[in-house]
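A.B. asks: Shown below is the structure under consideration.
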Protein chains: 2
Amino acid sequence: MASDVGRTKRPTMVDVATRAGVSLKTVSRVVNNVPHVQPELVERVLAAVAELGFRRNPSASSLRSGQATATIGLLIEEIANPFYATIAGAAAEVARLHDTMLIIASSEEDPARERQLLQDMCARRVDGLIVVPAGDDHSFLRAEVELGTPMVFLDRPAGGLIADTVLLDNRGGARAGVRRLVDDGHRRIGVLLDSLNVYTMRERLDGAQDALAPAGVPYDTRLVRDGVRDPVDAARVVSEMLDRPDPPTAFFSLNNRITLGVIEELHRRGSDAALLGFDDFDVARLVPYPLTVIAYDTRELARAATELLFRRIGGDRSWPRTVVLPTELVARGASARRAGHAP
Amino acid sequence: MASDVGRTKRPTMVDVATRAGVSLKTVSRVVNNVPHVQPELVERVLAAVAELGFRRNPSASSLRSGQATATIGLLIEEIANPFYATIAGAAAEVARLHDTMLIIASSEEDPARERQLLQDMCARRVDGLIVVPAGDDHSFLRAEVELGTPMVFLDRPAGGLIADTVLLDNRGGARAGVRRLVDDGHRRIGVLLDSLNVYTMRERLDGAQDALAPAGVPYDTRLVRDGVRDPVDAARVVSEMLDRPDPPTAFFSLNNRITLGVIEELHRRGSDAALLGFDDFDVARLVPYPLTVIAYDTRELARAATELLFRRIGGDRSWPRTVVLPTELVARGASARRAGHAP
DNA sequence: TATTGCTCGGACAACGTTGTCACAATAGCG
DNA sequence: CGCTATTGTGACAACGTTGTCCGAGCAATA
């Protein structure tokens, strides 16, 4: 083809060796910083490397040496989601400190795709994996674990596999938040959640029940609604609940997407129902409605997981551990009501 | 060490061949779907693959076959930033359609780091690169381009390198937005921007001047402020400008981080200055202040770039092109003033 | 039955690198 | 001055895969 113009081959160590007038092995030594090479030769080799623009081929390198691709994999649900983006950012930061590349893949909450991606990453011989599980059976990873690929599960536990896990205190956070609502005298609390198939949602709902049951609040199915996917859904559900003869005096939304919809509807109606939301969000203080959020440090979550992973990669073979990170209740919003500036 | 427990070697094609009682090459053929292999042998091989849990070693594969690591690289400034997260999500989606892995790396706006990461990705023999430039000299990539690694620059043009580029119509968008402010009678417009070192900021400011100059609006240095890094900065600058004897009647903020700060201050003061902001943001409609945003489709931006990249990977050797995507003026906010529900 | 044509399996080399080993050159010692 | 350590260097093989090529096996044809 006429389009091959300028299509040269990449320089290899052999080219560098020829250029520098040394042996292949000497180049290898210089490139890998092996000591006991004459300073003069080192210089000649480095000069040749620079002139030819040589870069070591990591495929060949990791093929030969068996290990250490200087790459870790991160499997999340969806990169575009700010929660996962924050996780990816924090993981990337830690990886950078270890001179390691980060491969990010999105499962899109599809267990089959999750499996495919994880196996693909393992086939690429990543040095380790951080996984936010989508499916609920990860026993297919056992072979990889036994082959020595360390992995840390993040935000949700693995299914059918004993492994390192870093979680939020979903249940405790929800319990504390709802307890506050109860302490404030609320007895009819609307609860909105995405899906009970998700571990975090189940935990949060359990936490709410932990707080409601001892307070003697009866269980009212009409006040717990799952399948709330987006803010529009949420607004509709809130509207329905408020139109009932005995409307809730408070709402607990189990994630921030739902919280946004709830705020919108409450604000639109000029309601004064209390609102508790799991997850903080960055424009929370601009929101024209007072609310309490169950906040946590997403970066810390990812950082803890990534650092644990690197400890494993570094050779820590101790028993798998589960780390649970705390949450915190924070008052937010109501800037529309002339809240002052935060310090 | 006693810790080697369970540390088996990964199965190779040789193992599979032995197990299936065929030759190594036959396994290779089956694994690569080469036709003309006896159906019975195919079955035996596949059975052995499944039993042993064999996965092809991509290092060896791409080493031998020279190309096609089925991986593309994306270099952005910061994964945790929603703009880049959205880009990453869209790029990942397109990559998935092409059965390709996406490696994401963050330059953190550091040109040295950018260079390092790009060269690292090239060394890993990615099939192509998408780059949001941080530095302003990318001539060091020329060697890679000549070696046949396609690359597409996104959001900002490359420096010192002729290459495919996908941009927003920053200048046109700013021009249209500011023209509307001018048409509405505004003559004193406060302009807040991050840094003139950034290409997009320069373009947006140029667009503003395009609209102001013909309208005979004099240039007032005190109304253009750069170095506005975050919402707190922005709020302070707005406050200062409003305290002047002839305060601006409108503000133009050149990115959404700044916009948030401006909103907060305007709302806090109960000001009625008009507000125009570059970049839309997802909670915009919840915002308690009316504003116009210069919006665009971030996903489309990334999609266009990624698809162009895959066309190049597919063999398109036509002249490098520059794609400019349109922006759109959208009215937002003021939900605090009882705006109705969007349909 | 012998020849041709065709299909498909297997031996072998090679991709670029690194570990092993051996050897050459130098320094240190008696 | 000869011997052993020590240091520096290179030949060679191997990592796991795939491209090349040859030839075995078989059917169709003369």
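Computed from the coordinates by the stated procedures, all read-outs in this text should not be read as laboratory data. Note that the coordinates shown come from a computational prediction; the quantities given were computed from them, not determined experimentally. Every residue, glycine as well, gets a Cβ built from its backbone with ideal geometry; the counts of neighbours run over all protein chains shown.
A.B. asks: Under a point spin-label approximation (7 Å from Cα along Cα-to-Cβ), what is the B:HIS98-B:LYS9 distance to one decimal in nm?
C.D. replies: It is 3.6 nm.
A.B. asks: Of A:PRO82, A:PRO326, A:PRO218, which has the largest mean-square fluctuation in a 10 Å C-alpha GNM of chain A?
C.D. replies: Ranking A:PRO82, A:PRO326, A:PRO218 by mean-square fluctuation puts A:PRO218 first.
A.B. asks: Next question, about the same structure. Can you list, shortest first and in nm, the gaps between the label point of A:PRO218 and those of its counterparts in the other copies, using a point 7 Å from Cα in the C-beta direction?
C.D. replies: Label-point separations across copies, in nm and ascending: 7.5.
A.B. asks: Between the label point of A:LYS9 and that of the same position in each other copy, find the distances and list them shortest first in nm, with every label point placed 7 Å from Cα along the Cα-to-C-beta direction.
C.D. replies: 2.9
A.B. asks: Could you give the size of the charge dipole of segment A:161-250 about its Cα centre, using +1 on the Cβ of each K and R and -1 on the Cβ of each D and E, expressed in debye and rounded to the nearest 20? Please report the intermediate quantities before stating the final value.
C.D. replies: Numbers: 13 positive and 15 negative charges, 38 e Å.
So the dipole magnitude of segment A:161-250 works out to roughly 180 debye.
A.B. asks: Report the FRET efficiency, 1/(1 + (r/R0)^6), for B:GLU146 and B:ASP282, where r is their Cβ-Cβ distance and R0 is 45 Å, rounded to 0.05. Could the numbers behind the result be given before it?
C.D. replies: Working: r = 42 Å, r/R0 = 0.93.
Calculated transfer efficiency: 0.60.
A.B. asks: For chain B, modelled as a Gaussian network with Cα springs under 10 Å, which listed residue fluctuates most, B:THR249, B:THR18, B:THR259?
C.D. replies: B:THR18
A.B. asks: For labels at B:GLU240 and A:ASP220 in the simple 7 Å Cα→Cβ model, what's the distance in nm?
C.D. replies: Taking the simple label geometry, B:GLU240 and A:ASP220 are separated by 5.4 nm.
A.B. asks: Something else about it: In segment B:203-242, which trypsin sites (Lys or Arg not before Pro) fall in coil by DSSP and have 13 or fewer other Cβ atoms within 10 Å? Spell out each step's value before the answer.
C.D. replies: Values: sites: B:ARG204, B:ARG222, B:ARG225, B:ARG229, B:ARG236; in loops: B:ARG229.
Filter output for segment B:203-242: B:ARG229.
A.B. asks: Let me ask something else. Given contacts defined as C-alpha pairs under 8 Å and at least six residues apart, what's the relative contact order of segment B:2-56, whole-number percent? Intermediate results must be reported in sequence, preceding the final value.
C.D. replies: Working: 44 pairs, mean separation 23.6, N = 55.
It comes to 43 percent, rounded to a whole number.
A.B. asks: Once you have all Cα-Cα distances for segment A:2-56, histogram them in 10 Å bins from zero and send the whole-percent values.
C.D. replies: 26, 50, 15, 7, 1
A.B. asks: Cα centroid distance between segment A:225-279 and segment A:26-64, in Å?
C.D. replies: Cα centroid of segment A:225-279 versus Cα centroid of segment A:26-64: 63 Å apart.
A.B. asks: Quick one, can you get me the convex hull of the C-alpha atoms of segment B:177-248 expressed as volume per residue in Å³?
C.D. replies: 89
A.B. asks: If a/c stays under 1.5 just call it rounded; otherwise compare a/b with b/c (prolate if a/b is bigger, oblate if not). Do that for segment B:1-131, with a ≥ b ≥ c from the square roots of the Cα gyration tensor eigenvalues.
C.D. replies: Details: a/c = 2.71, a/b = 2.00, b/c = 1.36.
Verdict is prolate for segment B:1-131.
A.B. asks: I'd like the Kirkwood hydrodynamic radius of segment B:100-189, using the inverse of the mean 1/r over distinct C-alpha pairs, in Å. Could you put the intermediate results ahead of the total?
C.D. replies: Numbers: mean 1/r = 0.0665 Å⁻¹.
That comes to 15.0 Å for segment B:100-189.
A.B. asks: Between A:SER61, A:SER318, A:SER253, where does the largest GNM mean-square fluctuation fall for chain A, given springs only between Cα atoms within less than 10 Å?
C.D. replies: Maximum among the listed residues: A:SER318.
A.B. asks: Sticking with this one: Restricting to Cα atoms and excluding each atom paired with itself, what does the Kirkwood estimate give for chain A in Å? Could the numbers behind the result be given before it?
C.D. replies: On the way: mean 1/r = 0.0427 Å⁻¹.
One over the average 1/r among Cα pairs gives 23.4 Å for chain A.
A.B. asks: Run the label-point distances for B:GLU146 please: 7 Å along Cα to Cβ, every other copy, nanometres, shortest first.
C.D. replies: In ascending order, 5.2 nm.
A.B. asks: On to the next question. Among DSSP beta bridges lying fully in the protein assembly as shown, give the percent that are antiparallel, nearest 5. Could the numbers behind the result be given before it?
C.D. replies: Details: 13 of 79 bridges.
Expressed as a percentage, antiparallel bridges in the protein assembly as shown total about 15.
A.B. asks: Now for a separate question. May I ask you to compute the full-extension gain from B:VAL330 to B:ALA47, defined as 0.36 nm times their residue separation minus their alpha-carbon distance, rounded to one decimal in nm?
C.D. replies: Working: separation 283, 0.36 × 283 = 101.88 nm, distance 5.86 nm.
96.0 nm is the gain from fully extending B:VAL330 to B:ALA47.
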